[in-house]
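The values are calculated or read from the model by the stated rules, or taken from the named source; none is laboratory data. Remember, predicted model here, so these are calculated numbers, not experimental data. No Cβ is skipped: glycine too gets one built from the backbone with ideal geometry, and neighbour counts run over all protein chains shown.
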């Protein structure tokens, strides 16, 4: 049994090692920056019915590629496979509302933070005063809906052991589960709560919580190469200081 456990441990460690991750020099030589995006997290990135993408980080991906002197290629990924896809060298940088976590930081580099956000509940407007604390939500009769594989599911797993939690596979359609009374609440990042409330006026509302349930940074997540991180950080620092990112986010949220 010890030998088996040892082999499993070695396999696990090997699985966490990036497969020949590309350096900035290799990206420039190839002429293409591969950007991983889920396409399901407005206003950062959202895949439209015609297959095109819109969002603040879609714009930012193009701007970063220009600064690096290469073209951009958007690589589809999911929150569940985000880490595996990066480690398998399917993309160079993940963008689109990626939360900084210790697990992710242990295998790849994060840029300087793009913004700070936190988990808040989104509910039907009639229930906005009903679900204002974690305790209000964590009850057997409360139907929580969550998308798979990311920090939303981790938060639900950790904080709602008594609620009826259902994993819904499509983050683009998940909010209609609440609107159509098939679920009561979803806890997600405040930026997404505010966006979905704006596009579903009078139907979906932010719960009247006094503050977010937690705080977390959003950043760009990239393969480990000091030159790549330095280039991304230099560009992003200037972009944030100029207000270009804030303008792109505001436009995407319209």
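Being in the same structural domain as residue 56 (by TED's automatic domain parsing) and at pLDDT 95 or above is true for just one of 179, 227. Which residue is that?
Result: 227 is the single residue among 179, 227 that is in the same structural domain as residue 56 (by TED's automatic domain parsing) and at pLDDT 95 or above.
Mind counting the residues in the range 111-140 that are over 19 Å from residue 177 (Cα atoms), more than 13 Å from the chain's Cα centre (by Cα) and not in a loop (DSSP other than H, G, I, E, B)?
So the answer is 3.
Look at the range 166-188 and say how many of its residues are free of Cβ contacts under 8 Å to residues at least 60 places away in the same chain, over 20 Å from the mean Cα position of the chain (by Cα) and crowded, with 19+ Cβ neighbours inside 10 Å.
Residues in the range 166-188 being free of Cβ contacts under 8 Å to residues at least 60 places away in the same chain, over 20 Å from the mean Cα position of the chain (by Cα) and crowded, with 19+ Cβ neighbours inside 10 Å: 2 in total.
Going through the range 189-218 one residue at a time, which ones are touching a strand residue (DSSP E or B) at 6+ places or on another chain (Cβ under 8 Å) and either more than 17 Å from residue 96 (Cβ to Cβ) or free of Cβ contacts under 8 Å to residues at least 40 places away in the same chain (or both)?
197, 203, 204, 205, 206, 207, 209, 212, 213, 214, 215 - these are the residues of the range 189-218 that are touching a strand residue (DSSP E or B) at 6+ places or on another chain (Cβ under 8 Å) and either more than 17 Å from residue 96 (Cβ to Cβ) or free of Cβ contacts under 8 Å to residues at least 40 places away in the same chain (or both).
Going by what's in this entry, would residue 159 be described as closer than 28 Å to residue 221 by Cβ and at pLDDT below 95?
So residue 159 does not fit the description; no.
If only one of 218, 229 is closer than 23 Å to residue 118 by Cβ and surrounded by 13 or more Cβ atoms within 10 Å (Cβ to Cβ), which one is it?
218
So, in the range 74-107, exactly how many residues are assigned to a loop (DSSP other than H, G, I, E, B), at negative phi and crowded, with 20+ Cβ neighbours inside 10 Å?
Selection size over the range 74-107: 6.
Cβ-Cβ below 6 Å, separation at least six or inter-chain, first residue in the range 77-89 and in the same structural domain as residue 110 (by TED's automatic domain parsing), second assigned to a helix (DSSP H, G or I): which pairs?
Pairs found: 77/85.
Could you give me the residue pairs with C-beta distances under 7 Å whose first residue belongs to the range 117-140 and is free of Cβ contacts under 8 Å to residues at least 60 places away in the same chain, whose second residue is assigned to a strand (DSSP E or B) and surrounded by fewer than 21 Cβ atoms within 10 Å (Cβ to Cβ) wherever it lies, and which are 6+ apart or on separate chains?
Listed pairs, sorted by first residue: 140/164.
What are the pairs, 6+ residues apart or on separate chains, where a residue within the range 226-254 that is in a helix (DSSP H, G or I) has its Cβ under 8 Å from a residue that is surrounded by fewer than 12 Cβ atoms within 10 Å (Cβ to Cβ) and modelled with pLDDT of 95 or more?
227/25
Tell me, please, whether a residue that is surrounded by fewer than 17 Cβ atoms within 10 Å (Cβ to Cβ) and more than 15 Å from residue 123 (Cα to Cα) can be found in the range 192-204.
For the range 192-204, residues surrounded by fewer than 17 Cβ atoms within 10 Å (Cβ to Cβ) and more than 15 Å from residue 123 (Cα to Cα): absent.
Got at least one residue in the range 19-39 being under 30 Å from residue 175 (Cα atoms), in a helix (DSSP H, G or I) and modelled with pLDDT of 95 or more?
No - not one qualifying residue is present in the range 19-39.
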